[in-house]
Amino acid sequence: MRDRSDSVDDCSSVLLVGATPRDARIAACGLEREGVSMDVAADVRAAIDRLARGSEDQTNVDLPDLLAIDLTTTPQEGLTVLGAIRASPRLHALPVVAIVEQTPPASELRTRVREACERGVNGYVAKPDDVEAYAAAVQQMATFWFGRVSPPPESLYSASTSTQYD
Amino acid sequence: MIDFPSQSDDSLVPESLRTSLSLLSKKWHPAIVRCLATSEGLGYSDIEDRLDNISAKVLTDALTELQEHEIIDRTEVSQQPLRVRYTLTDRGEELETVIQSLADWGETHLDDDEERVVLIADDDTRVRAMHEAWLADGYTVRTARDGKETLSQLDASVDVVVLDRRMPGLTGDEVLDWLRSQRYDTRVVMVTAEEPELDILDMGFDEYLTKPVLKADLRSVVADLIERGHKDGRVREYLALRSKLGLLEAELSADALADDDEYNRYLERLETLDDDIENVSDAAEDTVERLELENR
């Protein structure tokens, strides 16, 4: 376990999967305004490695409180991670938010959002083209998840252990 | 009475079969026959005691029907007070052997009927198809051609993963780390072209096969891992460790191993587990036998 000060421990965190470096920076700005930290995983491999490392520890401090999957550029990466999480005995309840394009016609957007929801996304954020508007959207999402919405009283993560290989 | 589809050809389901099946499919009949078979004859209340929850009316009716078919005999032992004794007739004894073979058949074939899922992850199309064909008769087989597909195919219903170590995207090692970190109750056999090195000690697989894998080896390892799924976590850990250490001992020189701290640490762990688990060879007879044969 990493040694952390209390203030850092209390900080909520988001793992962003599949975003371009530019979009990731904008999202980080929006989250910073809410005091939420962010980790980036560019692809499935990075996300899985990150989550696997975070899951080894029973305390969950190294796990994100929310996963954001950017479906705008490489949707398959985010959806694969989503599938792996929903099937996992340990992380199946981790909340996941999808980030989708705002530009496509409403009907197409609905189809994409519905598809993502059927695979287990808890909500979505439509990404505005404007940089400041996007940062604001991410900030509002953080306000909602970490300010408005209270987490369930029990940990979301299953800490049950089967065979441990040390 | 069992409702068979009406059909003109009585030779398929003759009257005699219908009648005997309907006798056997009654809720209490097989139980009464079996409890009489294990005794020298029982009184009414003895039977009532042995069959929990049976009502007096239902028991009386069942006994009457079995008597009508001459499956059981009713003898009055005394008149005042009335005491009777039920025994199996010769044909009752025959019926009991039929019931027993039905039970045996069920144990052999129905208990195992629970779907066993094997996931084969290999980027080599031909190897994947071959391994799938080898296992398709006994298991529900899923396949994946790279690490990402393996993730998509993986869920809690997978019993065994046959995992290629080198796959594009996400390697077998990474998939294995994910699977263990997520507490999947899944057994893993690592399949690889590489000879095992000391780095395998830290990996969470249960078994390791070196390519090219032989049909008989893959089948016996998968069958063994399915069995291990029923066993206690410590027995599984013991067997996985024993398999790993056996591999290394076969591959590397004794000197190289003796100098390796990690190897010694795991060796100690194996001994601790061996002491903890009461009679390992009983707990996992087949595996121990197979490992001993392999390491010879």
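The values are calculated or read from the model by the stated rules, or taken from the named source; none is laboratory data. Keep in mind that what you see is a predicted model, and the values were worked out from it rather than measured. Reconstructed Cβ throughout: ideal geometry from the backbone, glycine too, with neighbour counts over all protein chains shown.
Summed over region B:167-219, residues that are under 24 Å from B:Asp232 (Cβ atoms), part of a loop (DSSP other than H, G, I, E, B) and either of a type in the set (S, T, N, Q) or under 22 Å from the mean Cα position of the chain (by Cα) (or both) total 7.
Hey, any hits in region A:97-112 for a residue that's within 14 Å of another protein chain (Cβ to nearest Cβ) and buried (at least 18 other Cβ atoms within 10 Å of the Cβ)? No, there is no match, as no residue in region A:97-112 is within 14 Å of another protein chain (Cβ to nearest Cβ) and buried (at least 18 other Cβ atoms within 10 Å of the Cβ). Would you check if A:Gly18 is small (Gly, Ala, Ser), under 20 Å from B:Thr171 (Cα atoms), without any contact (Cβ under 8 Å) to a residue 24 or more places away in the chain and in contact with a strand residue (DSSP E or B) (Cβ under 9 Å, 6 or more places away or on another chain)? Here the answer is no, as A:Gly18 does not meet what is asked.
Set side by side, the residues B:Glu262, B:Glu251, B:Glu195 differ, and just one is more than 14 Å from chain A (Cβ to nearest Cβ), loosely packed, with under 14 Cβ neighbours inside 10 Å and more than 27 Å from A:Arg90 (Cα to Cα), which is B:Glu195. Just one of the listed residues (B:Arg269, B:Arg265) is under 25 Å from B:Thr186 (Cβ atoms), charged (D, E, K, R) and modelled with pLDDT of 90 or more, namely B:Arg269.
Scanning region B:118-132 finds one or more residues that are within 14 Å of chain A (Cβ to nearest Cβ) and at negative phi.
Selection of strands (runs of 3 or more DSSP E) fully inside region B:69-144 by the criterion of at least 1 residues being closer than 30 Å to B:Glu227 by Cβ returns B:117-121, B:140-144. Scanning region B:65-97 for residues that are over 36 Å from the mean Cα position of the chain (by Cα), loosely packed, with under 11 Cβ neighbours inside 10 Å and among the hydroxyl-bearing types (Ser, Thr, Tyr) yields B:Thr75, B:Ser78. Take the conditions (1) in the same structural domain as B:Thr19 (by TED's automatic domain parsing); (2) in contact with a Pro (Cβ under 9 Å, 6 or more places away or on another chain); B:Gln100 misses just one of them, which is (2). A single member of B:Arg165, B:Arg183 is surrounded by fewer than 24 Cβ atoms within 10 Å (Cβ to Cβ) and more than 13 Å from chain A (Cβ to nearest Cβ), and it is B:Arg165. Set side by side, the residues B:Glu292, B:Glu197, B:Glu207 differ, and just one is under 29 Å from B:Thr150 (Cβ atoms) and at pLDDT below 90, which is B:Glu197.
The residues on offer are B:Glu227, B:Glu237, and the sole one that is surrounded by fewer than 19 Cβ atoms within 10 Å (Cβ to Cβ), at pLDDT below 95 and among the acidic types (Asp, Glu) is B:Glu227. Filter region A:28-66 for residues that are in a loop (DSSP other than H, G, I, E, B) and among the small types (Gly, Ala, Ser); which is nearest to the other protein chains (Cβ to nearest Cβ)? Checked region A:28-66; the qualifying residue nearest to the other protein chains (Cβ to nearest Cβ) is A:Ala42. Evaluating A:Ala47 against the criteria (1) more than 23 Å from B:Met203 (Cβ to Cβ); (2) of a type in the set (Gly, Ala, Ser); (3) in contact with a strand residue (DSSP E or B) (Cβ under 9 Å, 6 or more places away or on another chain) leaves one unmet condition, (1).
Quick check: anything in region B:120-140 closer than 20 Å to B:Glu40 by Cα and surrounded by fewer than 18 Cβ atoms within 10 Å (Cβ to Cβ)? No, region B:120-140 contains no residue that is closer than 20 Å to B:Glu40 by Cα and surrounded by fewer than 18 Cβ atoms within 10 Å (Cβ to Cβ).
Filtering region B:143-162 to residues that are of a type in the set (Val, Ile, Thr) and buried (at least 22 other Cβ atoms within 10 Å of the Cβ) leaves B:Thr150, B:Val158, B:Val160, B:Val161, B:Val162.
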